[in-house]
Amino acid sequence: MVGELLKSLDGLALAEAAIERAEAVNPEINAVIHKRYDKALKDAENPDLKGTFAGVPMLLKDITQEIEGEPLTSGSRALQNYRSGKDSEYVRRLRKLGTVFIGQTNVPEFALMGVTEPELYGPTRNPWNTGHTPGGSSGGSAAAVAAGIVPIAGANDGGGSIRIPAAYCGLFGLKPTRGRVPVGPNLGRHWQGASVDHVLTRTVRDSAAVLDELVGVEKGAAFYTPEFKGSYLAESKNPLSKPQRIAYSVKSLLGTDVHPDCVEAVMNTVSLLKEMGYHIEEMDAPVDGKKIANSYFTLYFGEVAASIASLEEVLGRKAGFNDVEPTTWVLNLLGKATSAGEFVLAMREWDKAAYAMETFHETYDFYLTPTTAFPPAKIGELEPGSAEKWLMKIAGRTNAGSLLKKAGIVDQIAEKSLMRTPFTQLANLTGQPAMSAPLHLTKDGLPSGVQFVAARGREDMLFRLAGQLEQSSLWIDLKRSPYLA
């Protein structure tokens, strides 16, 4: 665990090393967009710094993870002048671990995309191959850990934003159960409970140790997860006591293509698990993938519209087309054209899926899929084409949200946005914990993750399995990355 480094290095030396590394590699990968080096060095010198990770440097994600007095732009030029009034509860609990915050990481505008290429800061690049994306929306955090700047970085996951970057950067990424990690003090829920904060790490035990400190009842939280009375760190070192039943699928929930490398990642993992004595069966999740996708996007559009409306508090006026990126504005229009009734129906689909998956887990302990359907895209590959940009500009300036919905644009957006990442959203909607484990390299030498989903509240099971897999020959050694070789 990174805290063990402190036996040979003090906090100041660790902070200095992280800053030196950031200055050396960040110009190429563009992971860190806000530096607080002077404050970090001062924090690292504090003799009262205590906790499991006392003195360990980390980065926070530039959305929701607020540090008092620091900027929090959410990747948007509309928020360039915003400063946080207080620490978020997530940050408060991380401070108890003794971590030292050296800066903040790049995100797509409002964390909306599966790639990290905001207009405000430019694209973040994957350390394994800088021509490719590290994913999103926690792409800046993933790139920073994969490049060796810090061992831990803040992340959150509303549709795969921890697991997708973990898969693309050869990291371990766990999305906790809904309600497990604090979201306050300004909110009681993020994305109606779909979005959960945690971290991206190189090791299973670091993720587990951080979660041990983050958990706990939070005043005003909309969701409550029954307390886990053990230690996740201890669980990560404790193999599963009996063979478990695992269902696996390599079929996209949308019926779209899955790249052969991503299929191979799962099938190699299936072979390993069989050798380890697990009972494996091919079985699809008992849900309607297209209904899941559409209900997810109903939330997506509504949350974007709410974010745009809330900009008035910062801007002192209503936000307009030129305040945000064109894609964000069009998503906002679709949100404004979505009725309250449609939103409620979408939430009901979440509940149906949650019930179906809890029943599924009465038979199967884990559900195994590719984390993503395709390896990392090239930088700029998923940008809207010229015709799409023209359409967005026209729609944005004419407030044509209703017309876009009638034209079937919602289904098109859903399929195009999720065809590369159709596996991760389900756990966000059902509230289940899910992890991406780095178990495969593509033929092009890029990481490809494998996802495991467990029943709600069973992070302990995921950590146990991850701890076993981490000792296997399939687990990717991050030192194989060109940045760490």
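The values are calculated or read from the model by the stated rules, or taken from the named source; none is laboratory data. No experiment lies behind these values; they were computed from the predicted model shown. Here the Cβ is made from the backbone with ideal geometry for all residues, glycine too, and neighbour counts use every protein chain on show. What goes into the accessible areas is simple: the full protein's heavy atoms, side chains included, and nothing from ligands, DNA or RNA. Shrake-Rupley method; radii C 1.70, N 1.55, O 1.52, S 1.80 Å.
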For the chain, the charge dipole (Cβ of Lys, Arg +1; Cβ of Asp, Glu -1; about the Cα centre) points to a positive end, and the Cα of 13, 368, 485 closest to that extreme belongs to 368
Projected convex hull area of the chain, Cα atoms, direction-averaged, in nm², equals 20.9
With +1 at each Lys and Arg Cβ and -1 at each Asp and Glu Cβ, the charge dipole magnitude of the chain around its Cα centre, to the nearest 20 debye, comes out at 480
Rounded to one decimal in nm, the spacing of the 7 Å Cα→Cβ label points at residue 363 and residue 306 is 3.5
With the charge dipole of the chain built from beta-carbon charges (+1 for Lys and Arg, -1 for Asp and Glu) about the Cα centre, the Cα from 438, 468, 457 projecting farthest to the positive end belongs to 457
For 218, 342, the accessible-area ranking with a 1.4 Å probe, largest leading, is 342, 218
Of 293-299, 124-130, 379-385, ordering from highest average Cβ density within 10 Å down gives 124-130, 293-299, 379-385
For region 80-165, the Cα convex hull volume per residue in Å³ comes to 107
Under a 1.4 Å probe, counting only protein heavy atoms, residue 228 has an accessible area in Å², nearest 10, of 50
Residue by residue through region 362-376, the couplings from Karplus 6.51 cos²θ - 1.76 cosθ + 1.60 with θ = phi - 60°, in Hz, x for Gly and Pro, are 6, 9, 10, 6, 9, 10, 10, 9, x, 6, 10, 8, 9, x, x
Note, residue 450: beta-carbon cut-off 12 Å, +1 each Lys/Arg, -1 each Asp/Glu, net -1
Projecting the Cα atoms of 124, 160, 266 onto the charge dipole of the chain, where Lys and Arg contribute +1 and Asp and Glu -1 at Cβ, the residue farthest towards the positive end is 160
Under the helix-only model (-39500 (n - 2.57) for each DSSP H run of 4 or more, divided by the residues of the chain), the mean residue ellipticity at 222 nm, to 500 deg cm²/dmol, is -12000 deg cm²/dmol
Each label sits 7 Å from Cα toward the beta-carbon; between residue 393 and residue 231 the label points are separated, in nm, by 5.9
Quick calc: nm separation of the 7 Å Cα→Cβ label points for residue 46 and residue 13 -> 2.2
Given a Förster distance of 41 Å, the FRET efficiency implied by the Cβ-Cβ spacing of residue 282 and residue 39, rounded to the nearest 0.05, works out to 0.20
Heavy-atom accessible area of residue 197, protein chains in place, probe 1.4 angstrom, given in Å² to nearest 10, is 0
Taking 0.36 nm per residue of separation between residue 245 and residue 318 and subtracting their Cα-Cα distance, the length gained on full extension comes to 21.0 nm
For the table 96/219; 39/86; 39/96; 219/336; 242/274; 96/237, the rows whose alpha-carbon distance is greater than 20 Å are 219/336; 96/237
The summed charge of the residue 202 Cβ neighbourhood (under 12 Å; Lys/Arg +1, Asp/Glu -1) stands at -1
Using a 1.4 Å probe on heavy atoms of the protein chains only, the accessible area for residue 183 in Å², nearest 10, reads 20
Length gained if residue 274 through residue 81 is fully extended, taking 0.36 nm per residue and subtracting the Cα-Cα distance, is 64.1 nm
The answer for residue 450, listing residues at least 5 apart or on another chain whose modeled amide H is closer than 5 Å to its amide H, is 371, 437, 439
